[in-house]
Amino acid sequence: MDVAGEGKREAQADLGHGLGEDGVGDDDVDAAPEDLLVGHVGEEVGLHVEDAAERLHSRQQILGQRRLADDVAGLAQGLVGERRERLVGGLDHVVAIVELVQEVGREEQRQGARQRAGEDHGAVVHGGLLGSEASDPGRAGVARRPTFHVPPEPLCPPIPSEACRMTLNPPNLRPDIAPKARLVEPARPGQPTIGMVSLGCPKALVDSERILTRLRAEGYAISPDYQGADAVIVNTCGFLDSAKAESLEAIGEAIAQNGKVIVTGCLGAEPEYITGAHPRVLAVTGPHQYEQVLDAVHGAVPPSPDPFVDLLPATGVRLTPRHYSYLKISEGCNHKCKFCIIPDMRGRLQSRPAFAVMREAEKLVAAGVKELLVISQDTSAYGVDIRHAEERGHRAHIVDLARDLGSLGAWVRLHYVYPYPHVRDLIPLMAEGLVLPYLDIPFQHAHPDTLRRMARPAAAARTLDEIAAWRSVCPEIVLRSTFIVGYPGETEAEFETLLDWLDEARLDRVGCFKYENVAGARSNALPDHVPEDVKQERWERFMEKAQAISEAKLEAKVGTRMEVLVDEVDEDGATCRTKGDAPEIDGNLFIDEGFEGLQAGDLVTVEVEEAGEYDLWGRRA
């Protein structure tokens with residue numbers, strides 16, 4: 001089992017021009033789609049991997065991996081003939097094996113040379129309880145610096161799929177993916193225990209944290225495995241049909257392994273869908289229905305608190321590392337993008353009072369959090385529903401909130417920011433250093449006709465002007481975005497417009513989804529759906545261009561100095577992030593020399609020495 005938070009996720013986006021103060025335009029727009037996970041693997045991949053496995057048998061003395069060679073041969077056989085869409089579950093294994101095979105070939109050709117040892121972090125492993133130590137491909141230490149070589153006879157021939165590009169941070173990672181949930185807390189003897197499977201985006205991860213915090217306050221322990229849990233909660237995602245399938249699979253696994261299962265989250269808004277597939281579930285609740293979840297837990301596993309032992313941390317239960325935390329400022333969404341069903345699942349915009357957000361943030365910073373990641377469905381519209389009310393000295397407006405958060409001394413990173421006119425008031429805060437110079441704005445497309453079919457503002461040219469204005473105020477600003485290719489009706493000319501727009505916008509971090517139908521979305525009924533092979537071809541062309549832009553922009557950073565946040569330290573070095581990198585979804589900066597004494601959560605200054613396609617390498621300055 002992999003840890004929670006590695007499932008399907010919702011993403012949010014908006015071009016934002018022509019919007020009113022409430023962030024709603026003429027078409028009442030919002031939200032975004034799902035992504036394609038890691039790339040699709042077909043028969044050709046299986047054949048390449050099988051061939052590589054046979055060659056690997058003759059090279060066991062190098063890496064001692066005969067068992068893995070057998071595994072990959074069997075896995076390759078399983079891949080051949082499979083439908084491409086259903087190969088995601090084992091894709092991380094394929095990528096790891098292919099990388100191993102490639103590494104063997106390099107070792108034979110360049111003894112003692114530094115090699116690239118990247119891993120694919122986009123692969124999804126279904127299900128998994130929090131704290132489980134089962135297979136998470138994750139980062140296996142610090143990535144070695146890239147070297148450039150052309151093997152005369154490659155051990156693993158090139159595969160026409162993103163899955164076999166051994167990049168350290170594959171380009172199809174998205175800003176809505178929740179990092180691996182972490183929770184290590186032993187139960188006292190006789191303490192009732194609950195397991196949690198958390199699928200979906202960072203907003204769902206925050207929901208899981210809140211549920212577990214309430215349970216801990218009532219005396220429950222959190223189990224890291226199914227067998228050790230008295231019952232299991234599955235926090236689902238229902239953004240796309242493929243996300244629903246993954247949620248059903250996780251529920252089925254929990255039932256098979258434990259038997260007592262409570263379902264919550266976005267897919268819980270469709271209880272008949274869940275009970276039709278799994279009639280044995282104990283209860284089904286919708287998103288952020290914490291009280292109903294607690295009631296169901298009480299019915300399945302009565303609480304047995306010990307007030308002298310069961311002490312709750314001041315910050316509650318958190319599923320992220322100690323040095324960063326997600327800060328959810330609102331729920332729901334007021335827009336109606338044709339491809340999105342988020343408003344149907346999570347309702348309309350509901351902003352938290354600003355003083356409550358600040359109180360939570362202050363506790364987090366006091367507990368050692370170095371980075372606050374602000375999330376919502378529509379961060380720019382924060383406070384619209386409560387008329388930007390001011391209470392206890394804090395006003396519910398994103399500019400005021402960002403300024404207040406910046407005063408706490410931690411990094412403040414803004415996600416799901418739609419470029420409404422008032423967003424330009426955030427840029428000076430970034431230039432002053434109060435807020436990180438980073439904006440996550442999924443634009444979705446650039447052609448006006450495509451945007452109209454999406455029911456989104458069609459003002460891509462004006463967006464370019466706005467981007468130029470942001471950069472004039474804060475030249476170091478990093479822009480992250482996501483796009484959809486293959487949306488119904490998208491022509492080759494419309495797609496070419498998107499590529500031209502990307503050339504001009506020169507975004508730093510870019511992800512791309514192939515359009516996928518989702519039950520209940522209005523886009524399903526649009527005419528002229530794009531064939532799957534055309535979607536794939538356009539996705540590859542888009543990502544090739546985005547990768548080239550990323551590589552060029554990172555190369556320009558070589559020789560510069562920057563402050564980085566240490567995420568992890570092991571025997572190989574330190575894995576860090578710059579101010580332009582969100583955890584898990586963006587790149588990293590690796591320190592592989594002189595990292596002694598560093599700890600997770602440290603802020604250090606480095607000089608950038610080398611650059612790859614998505615990552616940097618440096619040394620302590």
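The values are calculated or read from the model by the stated rules, or taken from the named source; none is laboratory data. Not measured: the values here are computed from a predicted model. FYI the Cβ positions are ideal-geometry reconstructions off the backbone, even for glycines, and counts take in every protein chain you see. We work out accessible area using only protein heavy atoms, side chains counted, and drop any ligands, DNA or RNA first. Shrake-Rupley method; radii C 1.70, N 1.55, O 1.52, S 1.80 Å.
Observations on the model:
- On full extension, the segment bounded by GLU544 and ASP602 gains 17.4 nm, given 0.36 nm per residue less the C-alpha separation.
- Other-chain or far-sequence residues with amide H under 5 Å of VAL232's (modelled H): GLY195, LYS260, VAL261, ILE262
- Each distinct pair of alpha carbons in segment 324-556 adds a 1/r term; the inverse of their mean, the Kirkwood radius, is 18.9 Å.
- Amide proton proximity set for GLN289, modelled H, under 5 Å, gap of 5+: GLY265
- Karplus-derived HN-Hα couplings along segment 552-558 (A = 6.51, B = -1.76, C = 1.60, θ = phi - 60°), whole Hz, x at Gly and Pro: 5, 5, 6, 4, 5, 8, 4
- Segment 560-620: C-alpha gyration tensor shape, a/c 1.5 cut-off, then a/b vs b/c: rounded
- Each of ARG322 and ALA431 was given a label point 7 Å from its Cα along the Cα-to-Cβ line. The distance between the two points is 3.8 nm.
- The Cα atoms of segment 418-516 cover 44, 22, 21 Å along the three principal axes, with the biggest extent listed first.
- Remark: segment 572-585, residue by residue, has Karplus-estimated 3J(HN,Hα) of 8, x, 10, 9, 10, 10, 7, 5, x, 10, 7, x, 6, 9 Hz, where x stands for each Gly or Pro and the curve is 6.51 cos²θ - 1.76 cosθ + 1.60 at θ = phi - 60°.
- Pairs beyond 32 Å (Cα-Cα), from LYS328/LYS514; LYS363/LYS545; LYS203/LYS535; LYS244/LYS579; LYS336/LYS553; LYS260/LYS579: LYS363/LYS545; LYS244/LYS579; LYS336/LYS553; LYS260/LYS579
- Surface per residue (accessible, 1.4 Å probe) for segment 193-300, Å²: 29
- Neighbourhood net charge (15 Å Cβ-Cβ; Lys/Arg +1, Asp/Glu -1) for ALA256: -1
- Between ASP528 and GLN227, the contour length at 0.36 nm per residue exceeds the alpha carbon distance by 103.5 nm.
- In this structure the amide hydrogen of THR482, modeled in the peptide plane, comes within under 5 Å of the amide hydrogens of PHE443, GLN444, GLY511, none closer than 5 places in sequence on its chain.
- Residue-wise HN-Hα couplings along segment 415-428, as the Karplus relation 6.51 cos²θ - 1.76 cosθ + 1.60 with θ = phi - 60° gives them from phi, are 10, 6, 8, 8, x, 5, x, 6, 5, 4, 6, 7, 5, x Hz; Gly and Pro carry x.
- With eigenvalues of the C-alpha gyration tensor scaled by 5 and rooted, segment 193-300, Å: 19, 15, 12
- Kirkwood Rh, angstrom, segment 483-559 [1 / mean 1/r, Cα pairs]: 13.6
- Each peptide in 433-441, 526-534, 550-558 receives the mean, over its residues, of other Cβ atoms within 10 Å, and ordering these scores from highest gives 433-441, 550-558, 526-534.
- Computed extension gain for ASP500 through ARG561, at 0.36 nm per residue and net of the alpha carbon distance, reaches 18.8 nm.
- Projecting the Cα positions of LEU439, PRO419, ALA455 onto the charge dipole of segment 419-458 (unit charges on Cβ atoms of Lys, Arg, Asp and Glu, taken about the Cα centre) puts ALA455 furthest along the positive direction.
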